[in-house]
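Okay, structure first, notes after.
The values are calculated or read from the model by the stated rules, or taken from the named source; none is laboratory data. The structure presented is a predicted model; accordingly, all values stated were derived computationally and were not measured. Neighbour counts run over all protein chains shown; Cβ positions are idealised from the backbone, glycine included.
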Amino acid sequence: MLNPLWLHRIAHGLHNSHVPVVPQMMDYLIRLLFACWLPHTARIGRRAVLGYGGLGVVIHGEAQIGDDVHIDQCVTIGGNATKHGVPTIGNGVYIGAGAKILGPVVIGSNAVIGANAVVVTDIPAHCVAAGVPARVIRSGIEPTTFLYHLSPTGKNLN
């Protein structure tokens, strides 16, 4: 099934193979078809998921996103006006709807970012962060027991 990550992987592969122009055209195709900005230069790990087909998601071209990351709709992952750099997101991270991750921050593996949180500082692994600005509200969590995960078949994995 056609989705923005599928097209991104093709564009990223073409970019790595030094194919000119086509990856940039695919960026705009993703923008047109899925209403998200997912540039071919962003590094996105395996089994990443964009909720609701990536609707409203904006990812900076230099962002690094790990494996098994779930990004809900209307999430922004990018730079800010005060510090140079973009986010690095670890493996197994869940990012709630409307969250903003801005600047040179590092999100540790297996962290949970709450809906509408604005992350401007580093978040350690196995923590829940929420609020504006985001702060750690719970640590030492295991996301598989903290979140309601469903498998592609619809069966509860918990």
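Checking V105, V136, V119 one by one, the residue that is farther than 16 Å from T76 by Cα and not charged (D, E, K, R) is V136 and no other. Residue check: G98 meets all listed conditions (1) over 18 Å from I44 (Cα atoms); (2) at pLDDT below 95; (3) under 12 Å from the mean Cα position of the chain (by Cα) but one, namely (2). The residue pairs whose first member lies in the stretch 126-142 and is over 14 Å from A115 (Cα atoms), whose second member is surrounded by fewer than 12 Cβ atoms within 10 Å (Cβ to Cβ), and whose beta carbons are closer than 8 Å, counting only pairs six or more residues apart or on different chains, are H126/G140; H126/E142; C127/G140.
Residue-by-condition table, conditions (1) within 17 Å of the chain's Cα centre (by Cα); (2) hydrophobic (A, V, I, L, M, F, W, C); (3) under 22 Å from I95 (Cα atoms):
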| residue | (1), (2), (3) |
| --- | --- |
| Y28 | no, no, no |
| A35 | yes, yes, yes |
| H40 | yes, no, yes |
| R43 | yes, no, yes |
| V58 | yes, yes, yes |
| G61 | yes, no, yes |
| Q64 | yes, no, yes |
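Restricting the first member to the stretch 1-20 and to residues that are on the phi < 0 side of the Ramachandran plot, and the second to residues that are surrounded by 12 or more Cβ atoms within 10 Å (Cβ to Cβ) and of a type in the set (S, T, N, Q), the beta-carbon pairs closer than 8 Å and six or more apart or on different chains are H12/T41; H15/T41. Reported count of residues in the stretch 67-101, each being closer than 13 Å to V49 by Cβ and hydroxyl-bearing (S, T, Y), is 1.
Which one is surrounded by the most Cβ atoms within 10 Å (Cβ to Cβ) among residues in the stretch 47-65 that are at positive phi and assigned to a loop (DSSP other than H, G, I, E, B)? First the steps, then the outcome.
As a first pass, look at the stretch 47-65 and keep what is at positive phi: 47, 52-54, 56.
Subsequent filtering for residues that are assigned to a loop (DSSP other than H, G, I, E, B) retains 47, 56.
Values: R47: 13, G56: 19.
Filtering first and then ranking leaves G56.
Count of the stretch 8-46 residues, restricted to those that are surrounded by 13 or more Cβ atoms within 10 Å (Cβ to Cβ) and part of a loop (DSSP other than H, G, I, E, B), is 8.
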